[in-house]
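Asker: Provided herewith is a single structure, encoded as structure tokens, for subsequent inquiry.
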Amino acid sequence: QTGTFPQPTRQVTFAVDVWNYDTNDGNRVNNPDYYRIEFRTYNAAGQRLNYYNLEWSQWHDSWITRGATYTLSDDAVRWDVGFRMADGGFWAGAFGPSMDNVRVIATMNTTGKRL
């Protein structure tokens, strides 16, 4: 997924809720399901300003939040986020990792005039 910020921003928070319950225990031991999360922002020239990259192949039996907050060195105007999820075996994808509640939150600077 890609998007643009409504105005240039210097601070952005990315978060997503993840559940990776299936251990494949008893079917393919030591081959848990896998996910990868990527989040990037870019300036107007197309230069990447940050890179969040999390690869996880251990099970967890509850929803947890993954993500980070970035204070950027330049004005970000564009972002992208991507997910890769795989069932590590046996259940043909029916019990692979789940993602929910994806958030990209930009902090916009505003200036005002004193009257």
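The values are calculated or read from the model by the stated rules, or taken from the named source; none is laboratory data. In this text the structure is predicted, and so the values were computed from the model without any measurement. Positions of Cβ are generated from backbone atoms using ideal geometry, with glycine treated the same way; all protein chains shown enter the neighbour counts. For accessibility, only protein heavy atoms count, side chains too; no ligands or nucleic acids. Shrake-Rupley method; radii C 1.70, N 1.55, O 1.52, S 1.80 Å.
Asker: Suppose we filter segment 37-78 for residues that are of a type outside the set (Lys, Arg), under 15 Å from residue 3 (Cα atoms), part of a strand (DSSP E or B) and open to solvent by 40 Å² or more (accessible area, probe 1.4 Å); how many remain?
Answerer: 2
Asker: Follow-up question, since we're still on this one. If you check residue 81 against the conditions, is it out of contact with any Pro (no Cβ under 9 Å at 6 or more places or on another chain) and either surrounded by 15 or more Cβ atoms within 10 Å (Cβ to Cβ) or at pLDDT 95 or above (or both)?
Answerer: yes
Asker: When the residues of segment 84-93 are narrowed to those that are modelled with pLDDT under 80 and among the aliphatic types (A, V, I, L, M), which ends up surrounded by the fewest Cβ atoms within 10 Å (Cβ to Cβ)?
Answerer: Looking at residues that are modelled with pLDDT under 80 and among the aliphatic types (A, V, I, L, M), I get 92.
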